[in-house]
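Report on the structure given below.
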Amino acid sequence: MIPELGTDVETMPKLQGFEFWSRTLGGARHVVAPMVDQSELAWRLLSRRHGAQLCYTPMLHAQVFVRDANYRKENLYCEVCPEDRPLIVQFCANDPEVFVQAALLAQDYCDAIDLNLGCPQMIAKRGHYGAFLQEEWDLLQRMILLAHEKLSVPVTCKIRVFPEIDKTVRYAQMLEKAGCQLLTVHGRTKEQKGPLSGTASWEHIKAVRKAVAIPVFANGNIQCLRDVERCIQDTGVQGVMSAEGNLHNPALFEGRSPAVWELAEEYLDIVRQHPCPLSYVRAHLFKLWHHTLQVHQQLREELAKVKTLEGIATVSQELKLRCQEDISRQKEGEKPLGGLPFFHWICQPYFRPGPREGSKENGGARSKRALEEEEGSTDVLSKNKQKKQLRNPHKTFDPSLKPKYAKCDQCGNPKGNRCVFNLCRGCCKKRAFKETADCPGHGLLFKTKFEKSLAWKGAQPRLQEPQQAGPGEPGSFPEVMGSALA
């Protein structure tokens, strides 16, 4: 049942700002970021065992959360887990009422509701949410104001910065004024993503922290515990959030870099107690074993293919055995390959490669597609294309080898090889309908069906007109009425 927006919840006055951070969140400094399909319950519990003091759920779609009971059950209502607190539920939304309806359904299962204003991906652009709302200040004010008024828990926000520090500061102050009680600032712009991520600006974060009177978390450039401590010292924030660093080393906040199999086995044990989709587990194992899979690449394909949790555990065990063999063959004084800080079997940071150096000579940053198409090489293919190539080794993404198709005379799309009009199916359908014609190549039979309908109508016997009965004759109105009344 969806709560009514017109009714206020009778509860104790909710804590705000620094009081909320210190009492409800326990003064959390080490925070696990909201990560789509990656910050699920099992991963949150693993991270909490290794130093995380606050976790966020994956980003949830407010509209789907309101209308779909199964979505609510799978993502939040699945089970009560007291050790998974404090917890902040994050939503993406672009409608004040929908956002608040979703938040009302979630507020009893968490300590705060977060509005995602930081997602820079194309899906967020198409759905009109995340970082693509950062110019719509009136809408954001209404969303935060309504949530602050109606919810029994605080509302928080996670944002990305603008290129200009002063605009970023004004943006943060606007959210604070609207009712935001805690602000997470990712020090990158919405254009900084993928191979163009670059370095997050702690200067922007520092300026925001000085300008607002609510707690601020920093996000960006966090790969180890030293980074956490340095960020807090340099920016003055209350806490530091980690995403990529946490995925590659869940013990980051402990200041440890354990053997990969130690955390992989612990995570799989938690998943057995708190099941989640196999795709989540596989993705986590790919992150944890990232550097080892560069060495033992044949097991990468095995990990991609297995269909069960125990199958994934078997591949992970085989990776552990391979690592132990590597350790036994290790020579004294040998250094890690590839410039890594540790040997590949140790949990360690992953530094995302940037665009190739040649991009500067070609007038700055290039698109992801341009990077992929360069030389047709596999080392710059997207992850999805690499997966397709694993399934089909003969598949190529070289544009010069793609088959050439004859184009439709009207729209330029590939035309049907047997189309009588030399058009694509869409254009052919419009023309065949307009001219009542057939195109066997596209399976369009407008003329044939029309002729069949005419023939069928011509073959039907004509119905005789009913004759009106004269007065007093059988079937006349007075006689029928008389018999009915008799």
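The values are calculated or read from the model by the stated rules, or taken from the named source; none is laboratory data. Computed from a prediction, not measured in an experiment: that's the story for all the values here. A quick note on method: Cβ atoms are made from the backbone with ideal geometry, for glycine too, and the neighbour counts reach across all protein chains shown. Heavy atoms of the whole protein, side chains included, go into the accessibility calculation; ligands, DNA and RNA do not. Shrake-Rupley method; radii C 1.70, N 1.55, O 1.52, S 1.80 Å.
Dipole size of the chain about its Cα centre, with +1 on Lys/Arg Cβ and -1 on Asp/Glu Cβ: approximately 1920 debye, rounded to the nearest 20. Rolling a 1.4 angstrom probe over the chain with all protein chains present gives an accessible area of which 52% lies on carbon and sulfur atoms. Magnitude of the charge dipole for the range 38-155, about its Cα centre and with charges confined to Cβ atoms of Lys, Arg (+1) and Asp, Glu (-1), is about 260 debye.
In this structure, the amide hydrogen of Phe162, modeled 1.01 Å from its nitrogen in the peptide plane, lies closer than 5 angstrom to those of Thr168, counting only residues at least 5 positions away or on a different chain.
Note: relative contact order over the chain, using C-alpha pairs below 8 Å and six or more positions apart, is 10 percent. Close amide-amide hydrogen proximity is noted between Cys439 and Leu444, Leu445, Phe446, each under 5 Å apart and 5 or more residues distant or on a separate chain (H modeled in the peptide plane; Pro and chain starts excluded). Applying 1/(1 + (r/R0)^6) with r as the Cβ-Cβ distance of Lys449 and Gln121 and R0 = 41 angstrom yields a FRET efficiency of 0.35. If you take the charge dipole of the range 245-293 about its Cα centre, with +1 on Lys and Arg Cβ and -1 on Asp and Glu Cβ, which of His284, Asn249, Val271 is farthest toward its positive end? Farthest towards the positive end: His284. Counting Lys and Arg as +1 and Asp and Glu as -1 over every other residue whose Cβ lies under 12 Å from the Cβ of Ile205, the net charge comes to +3.
By its C-alpha gyration tensor, with a ≥ b ≥ c as the square roots of the eigenvalues, how is the range 188-229 shaped: rounded for a/c under 1.5, else prolate for a/b larger than b/c, else oblate?
Oblate is the answer for the range 188-229, as a/c is 1.5 or above yet b/c matches or exceeds a/b.
Charge dipole (Cα centre; +1 on Lys/Arg Cβ, -1 on Asp/Glu Cβ; no other charges) of the range 96-245 amounts to roughly 280 debye. Dividing the C-alpha radius of gyration of the range 27-147 by 2.2 N^0.38 Å, with N its residue count, gives 1.04.
Sort 39-49, 413-423, 241-251, 296-306 by packing, meaning the average of other beta carbons within 10 Å per residue, with the highest value first.
Top of the packing list down: 241-251, 39-49, 413-423, 296-306.
Since only Asn413, Cys157, Ala218 are under comparison, the one whose Cα sits farthest along the positive direction of the charge dipole of the chain, derived from C-beta charges on Lys, Arg, Asp and Glu, is Asn413.
State which entries of Lys125/Lys167; Lys158/Lys206; Lys158/Lys385; Lys158/Lys307 exceed 27 angstrom in Cα-Cα distance in the structure shown. Walk me through the numbers before you get to the answer.
Details: Lys125/Lys167 21 Å; Lys158/Lys206 15 Å; Lys158/Lys385 31 Å; Lys158/Lys307 35 Å.
As for pairs spanning more than 27 Å Cα to Cα, those are Lys158/Lys385; Lys158/Lys307.
Fully extending the segment from Ala406 to Gln298, taken as 0.36 nm per residue of separation minus the present Cα-Cα distance, adds 34.9 nm. Placing R0 at 25 angstrom, the Cβ-Cβ distance between Lys167 and Phe18 gives a FRET efficiency of 0.50 after rounding to 0.05. Here are labelled values, [x] 31.5, 123; [y] 24.7, 87; [z] 24.1, 81, and one is the computed Rg and Dmax of the Cα atoms in Å for what I pasted. Which one? Label [x] holds the value from this structure. Listed peptides 326-333, 120-127 appear in the order 120-127, 326-333 once ranked by packing, highest mean of other Cβ atoms within 10 Å at the front. Listed values for the range 288-298 are Karplus-derived 3J(HN,Hα) couplings in whole Hz (6.51 cos²θ - 1.76 cosθ + 1.60, θ = phi - 60°), namely 4, 8, 3, 6, 5, 5, 6, 8, 9, 5, 5, and x replaces Gly and Pro.
With every protein chain left in place, what is the accessible area per residue of the chain in square angstrom, probe 1.4 Å?
55 Å²
Per-residue ellipticity at 222 nm, computed for the chain from helices alone with -39500 (n - 2.57) per DSSP H run of at least four residues, works out to -12000 deg cm²/dmol. Taking amide hydrogens as placed 1.01 Å from N in the peptide plane, the amide H of Asn221 sits under 5 Å from those of Ala200, each at least 5 positions away in sequence or on another chain. 3J(HN,Hα) along the range 109-118: 10, 8, 10, 6, 10, 10, 9, 6, 10, x Hz, from the Karplus curve 6.51 cos²θ - 1.76 cosθ + 1.60 with θ = phi - 60°, whole Hz, x for Gly and Pro. With both labels modelled 7 Å from their Cα along Cα-to-Cβ, the Lys429 to Asn413 distance reads 0.8 nm.
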